[in-house]
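Read-outs: derived from the displayed coordinates by stated rules, not from any lab. Predicted, not measured: the structure shown is a model, and the values here were computed from it. Note that we place each Cβ from the backbone using ideal geometry, even for glycine, and neighbour counts take in every protein chain shown.
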Amino acid sequence: MNRISSGILRRLLTMTAVMMFLFLRAEPLHAQVDTGTILGTVTDASGAPISGGKVALTNEGTSATLSTTTGPDGSYKFTPVKIGSYKLTASFQGFQTTTQTNVAVNVGADVVINFALKPGAVTEVIEVSSAPPVLETQSGSVGQVVDSRNVNDLPLNGRNFTFLAQLAAGVNTPQADTRGNAATGAFAANGLRPAQNNYLLDGIDNNSDTVDFLNGTNFVVLPPVDAIQEFKVQTTGFSAQFGRSGAAILNATIKQGTNELHGTLWEFLRNDKLDAADFFENANNNKKGEYRQNQFGLSAGGPVKIPHLFDGRNKVFFFGDYEGLRRIQGTVHQGSVPSLLERGTSPANAYTDFSDLIVAQSGTQTDALGRTMPTGTILDPATTRQISPGVFVRDPFGTCGSAAANFVFTLAGCNLNQIPSGRLDQNAIKLLNLYPLPTDNAVNSLFSNFADSPALREERNAFDSRLDIIFSQKDALFFRFSYVDDPQLIPGIFGGIPDGGGFQEGNQTANAQQSALGWTHTISPTLINEARAGLSYLHTTRVSPRANDLSNLPLTQGGVMDIPQLAENGGLPAFGISGLATLGSNAFLPSDEVRSTFQVTDDVTKIYSKHTFKMGFEFQHVKFSTLQPPWSRGQFDYSGLYTEIPGVGKGETGRAQFLLTPAISSLGTGPNFPDYVGGPSGNDDDGGTNLGLRWDFFGLVLEHHGNQANFIPSGGPLNAPTYLMPGGKNSCDNTFVSVSFTTLLAADGIKCLATNAYGSGLGHSQKTNFAPRIGFAYQLSSKLVARGGFGIFYNGFENRGFSPNLGENYPFQFNFQFQPPDAGHPVTYSGCTSTGATPIGSATLETGFSCTPLDPLRVIASGLALRGIQFNYLTPYSMGGNLTMQYQLTPSMSVQAGYVTSLARHLESFPGSNHVRQIVPTNLPSTTPFSSFLPFSDFGEGASYAATEGDSVYHALQTKVEKQFAGGLNFLATYTFSKTRSDAGDLLNGGSLKGYRAPYVPGFGIQGDYGLASFDIRNVFHFSGGYQLPFGKGKHFLNNAGGATDKLVGGWSVLWIATLQGGQPITLNCPSSTGKGTGCYDLLVGGQSPKLGLHTDSNGKLSWIGNPAAFAQPLACTLVLGVATNCGLSTLGGPPAQIPGPGFHRLDFSIFKDVSFNERMRLQFRTEMFNIFNHPNFNAPGFGGNGVVAIGGSTDFTSKTFGEIGSTRDAPHDPRQIQFALKLYY
């Protein structure tokens, strides 16, 4: 295994040319990254236009000034204008000068200010204070601006401003995802996947482009809320200036200094003594997890001054901030461990009595001989025999042997599940003893019988610094640098040697840096150029807790041979034992990922009369460097295949199989060879219309040294299955790859091609990505506006995880997967041979991977996984549109409703490259290996493959009521009624939906799994706002109060965020296979209700599904007298997303008290209560997969734990938490 070096880099090149934005009727550009537009007309009192009038624009914070003259029609325009507060002055000889103050410019806003000048001397000045406009009369886009007041004041758990994006219409909060991003603000917008959102900071790309969000966030740097001037979420209808993604754009801007020194100091305190216990801590009588958190920092901004040397007022400004976080947080973990009964009372009887497996489960099972036995009965693998082709039986451990009265075996009558101690593998006993003792010893709590709250530890330090320089009215420049260092210990359920952690757990470091440089040059009042450059860097590592303990633990603790023990790779292999939590560390650790993005943009804006033209380009050079071996210490799975009734299973007897040693499957990884790192990689006053056209080119992922290969299962350069490698040092002869590999390629009809004709990207990129945009806004009356738009949005960046990754392909990196030939024969290693009656190649603990060759030239290629990405890669895109009506209710409040839709095509899907092309019987004879049904029978089944074949569609009613701050009150209420359907699940945010059942079976394909998307949530309601209580000086009540009375009753505010949303869809897999190599979903039984709702089941556990009889499994495809029976598409079962999961209800609430010392300084006390009503919000039953450890319940309707729930979706932040804070503003 090789560490990352600077030469191991993967490159992704994206160049975007914004060809032209043509805005009819002078419609301004609505997509400025940190700017807006001010426009209007100057007329006399009669309404006649004043041509040649002077209009001056002054920033009220920095005194920066721009000026222009009105056109023949009296119109004027300033664009682009930096966000902030401005003073606008209009003058003309013979008329009084009129000044409008407090003109607020938000991100992308078009502020219309009209002047009607009165006759008089130009030296006479009339001053008017401006209120923010309520109606959006210039843009057809859909989005939400969140200003500095709301960013700072709304209750935010963790002070992460990106959570506020979820308040916008069309946005929902998905269930906890497989990379933890939901806990850091990830969201789905307008029916598109969370990974398709685009994060910008000061106009610079702020996306975490690591292959799998290893840092746990969608962004690179996260400034504190006190540093954010404002941000805007745009969900559709944005202009051609924006590309990269088709979902939402979260566009944030850091504050800049002004002529006055301003700043903030803060301390936020959390303690578990103030918090409620998690639902499952209470349910399991566990001690509440420890929680200590301090979040502290400061910010300051003002003019740069050097006493006696330099005064930067009106010219040079600074802003900076620092925030530290210290956190210790226990999180509830649940899992299954061996019971006290199974452990025995002494070494002599340890792991001999498993009668509790039967007691803790219900029902019976029947074998091929008609013998009935209780679920959970352990069968003796040594008695396995074949009674007909592909049909095996075996006898139970106990006193009845192979027969029992009336062919019925009972626990008491046959003394079942007693394993002779002489049959046990002593190394397996050593490993099982690594599990901790159960915390719940009730007989019916054999599963999820262990709970603990191991504590996460985090010490985060971050800062931002910004410098703004105004050289003249024509030139302004800014520079920003941001830095984050965030080391964390994220413990697994057990900790130490047994670990039990998932992919998200371990020792983690995250270091992020970002630089941004911007230059605005005003060539003339009507011609402006904006140039920006940025560099983002992110380095994240994660290793298992004992990764650097190189004491060869597998050998000394478990007798497992030849498990690599290298730096950052120490510890046990992963043992997947059905009925027990994982022992050892998860796959894909260690992980070491580096990502950097260099970006240059340039935009030229030309104002001509009432028309605006804009041209620009964007260039991004993205580099990845990734080390993430899939199974660096191997993985052994024990499903109970050899200790249960063949073809029936579900008795959770994997622990018995583990003790009796044959594995169901094993996985091993070869070294990187040579060095390889993977990862993918005009307007009138009453409205206007805008048109735009964008062209995008997204390059393929390149590998710096050419160390990757692409398996193309069909088509491609040779119009045949092809294994494609870059030429040069790589070759298809046996100086580079093994004889076994080339032989098996030829045998399976796969051509090997080493050529430089396609670069190291090994494919073709789409070059016809033209994206038209159109939008309109029309003011029907003084209080009513109609808006709409349509556009095509290409999404060439999306984090797909480490698989498929062309660098994982042999011979650069390789892994073996050894599967059993059938239920009657154990796994054997293809690299070993047998001597006499001794099966040297048997997969046992003692064999380990001792006969698995790690030299690429000696590799026995049978079972190798061949990964690929579609050769002619089509860029995913979406078509989005909206039609919205907005009505002004009061001078500060409006209501709007709109229809929003998106239709996505060529979405990345992951169907695998080596699957069956027909429904295959479950009981194949031993003379017919399952691999013979695979198109490439000598290589691993499945194997990851990315194809751009997915579709999705979204329809929504989106409504909003917004009241701007006035009279001490502001609020935002949004409601969305929507439906999203797709056949392309988000690989890293998959929720509870499953993979494809039969992606290559004719008549089915991936379209057969078209259904509700994993992030489909039918109803979503958000209500947020703040209210300054009307007491004290300047308020309605006690207005004349002074001194102590005012200090006591004045300055109080309350703020809130309420969220109500429905559940996400759940897909239920069939209890057992209905076809080899294909999947199966449950059928819904007519006339039966699933009885969804929270209740306590017969196990005393919380459950969501109350009626197992509402579900059925289709008939399996089997061989009956050699004839395939029930082998149609009906064996695949019902549609996906059969039922909805639990909903989400939450109210966060805060109370402020401000104490003012003078006009510039005030002290603020805050009490913030998150989930104030302590309403638990639950994950779906059995939620888990793709790196998330399933911690409760089952979706198997034959299981006693069917429908049970084991976790809350926001854990550890789900129960009520109280936070105290102190802030000083100056």
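At-a-glance table
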read-out: Mean-position separation - Cα centroids, segment 903-935 and segment 478-556, in angstrom; value: 38 Å
read-out: Virtual spin-label span in nm between PHE619 and ASP485, 7 Å along Cα→Cβ; value: 3.4 nm
read-out: For segment 977-1110: rounded, prolate or oblate by the Cα gyration tensor [a/c cutoff 1.5]; value: prolate
read-out: Which of LEU456, LEU957 has the fewest Cβ neighbours within 10 Å, and the rest in rising order; value: LEU957, LEU456
read-out: Straight-distance crosslink candidates among lysines, where the alpha carbon sits under 23 Å from LYS751 and sequence neighbours closer than 8 are dropped; value: LYS729
read-out: Aspartates and glutamates with Cα under 17 Å of LYS979, excluding same-chain neighbours fewer than 8 positions away; value: ASP951, ASP1009, ASP1016
read-out: Kirkwood Rh, Cα atoms: Rg over Rh of the chain; value: 1.00
read-out: Nearest-20 debye value, segment 31-129 charge dipole, Cβ charges on Lys, Arg, Asp, Glu; value: 100 debye
read-out: Under the Karplus curve 6.51 cos²θ - 1.76 cosθ + 1.60, θ = phi - 60°, whole-Hz ³J(HN,Hα) for segment 693-699, x wherever Gly or Pro sits; value: 9, 10, 10, 10, 10, 10, x
read-out: Ascending count of other beta-carbon atoms within 10 Å, so fewest first, for LYS118, LYS315; value: LYS118, LYS315
read-out: Nearest-20 debye value, the chain charge dipole, Cβ charges on Lys, Arg, Asp, Glu; value: 1400 debye
read-out: Dipole of segment 1094-1220, positive end: most advanced residue of ASN1107, GLY1122, ASN1179 [Cβ charges, Cα centre]; value: ASN1179
read-out: Cross-link pairs beyond the 30 Å C-alpha cut-off, checked among LYS315/LYS1033; LYS273/LYS1101; LYS87/LYS305; LYS82/LYS1153; LYS273/LYS1153; LYS232/LYS1153; value: LYS315/LYS1033; LYS82/LYS1153
read-out: Computed E for LEU269/ARG457 - FRET, C-beta separation, R0 22 angstrom, nearest 0.05; value: 0.80
read-out: Gyration tensor (alpha-carbon) shape descriptor, segment 112-262, a/c threshold 1.5; value: prolate
read-out: Per-selection Kirkwood Rh - segment 69-108 (Cα, Å, 1 d.p.); value: 11.8 Å
read-out: Ascending count of other beta-carbon atoms within 10 Å, so fewest first, for CYS414, CYS732; value: CYS732, CYS414
read-out: Distance from segment 282-304 to segment 1047-1086 (C-alpha centre basis), Å; value: 27 Å
read-out: Rounded if a/c under 1.5, otherwise prolate or oblate - segment 31-129, Cα gyration tensor axes; value: prolate
read-out: Semi-axes of the equivalent ellipsoid for segment 1090-1177, Cα gyration tensor, largest first, Å; value: 58, 17, 9
read-out: FRET efficiency, 1/(1 + (r/R0)^6) with R0 60 Å, evaluated for ALA757 and ASN314 via beta carbons; value: 0.50
read-out: Aspartates and glutamates whose Cα lies under 14 Å from that of LYS606, excluding same-chain neighbours fewer than 8 positions away; value: GLU27, GLU530
read-out: Derived scalar couplings ³J(HN,Hα) [segment 598-608; Karplus, 6.51 cos²θ - 1.76 cosθ + 1.60; whole Hz; x for Gly, Pro]; value: 9, 9, 10, 10, 8, 10, 10, 10, 10, 9, 10
read-out: Positive-pole candidate from ALA183, GLY495, ASN730, dipole of the chain, charges at beta carbon; value: ALA183
read-out: For SER1207, residues with placed amide H under 5 Å, excluding near neighbours; value: ASN1179
read-out: Long-range HN-HN contacts of GLN813 with modeled amide H, under 5 Å; value: PHE673
read-out: Residues LEU437 and LYS1153, FRET efficiency given R0 of 51 Å [Cβ-Cβ distance, rounded to 0.05]; value: 0.55
read-out: Rounded to 5, the percent of DSSP beta bridges in segment 1060-1167 classed as antiparallel; value: 95 percent
read-out: For segment 117-137 and segment 334-370, distance of Cα centres in Å; value: 83 Å
